[in-house]
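Trainee: There's a structure below that I have some questions on.
Rule-based calculations on the coordinates, nothing more; no lab input. Given the structure is predicted, the values throughout are model-derived calculations rather than measurements. Here Cβ is always computed from backbone atoms with ideal geometry, including for glycine, and neighbour counts include all displayed protein chains.
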Amino acid sequence: MAEGMPTQALMGLRAAIGVGAWTMPKLAGRMFGLDPDGNPQSPYLARLFGARDVALATGLNLSSGEARSLWLRIGIACDLADAAAGALGGRRGYLDPFPTFLVTATALGAAGLGVAALRAEAS
């Protein structure tokens, strides 16, 4: 099955963000307004996130048809969970307002791109 533009964009973004978070976890954290120096465990958590995003990109890249739709749905679920985590972090005060916005908006954007990719794949 031919890949649509939303699917290609999603694969590229997930791969880039995932590799970046795994290979440069402190820089990735800073790009989202987080304080990796103030939380020495954050590189570990960033690498977990990075590995997940690389796995999601790889699953999309290596699948087609119903399997690809499943990978897209799994990615959307992960993105919505990430958005909820960002919103909760802001509400509970362990994320400042700007990082709350960045992480939540990025996750919602990825979920929206996933929905667009799912629709494109279905057509």
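Trainee: Mind listing whichever residues of the range 99-113 are over 10 Å from the mean Cα position of the chain (by Cα) and among the small types (G, A, S)?
Mentor: Hits for the range 99-113 are A105, G112.
Trainee: Give me a count of the residues in the range 3-38 that are surrounded by 15 or more Cβ atoms within 10 Å (Cβ to Cβ) and either of a type in the set (D, E) or not in a helix (DSSP H, G or I) (or both).
Mentor: Qualifying residue count, the range 3-38: 7.
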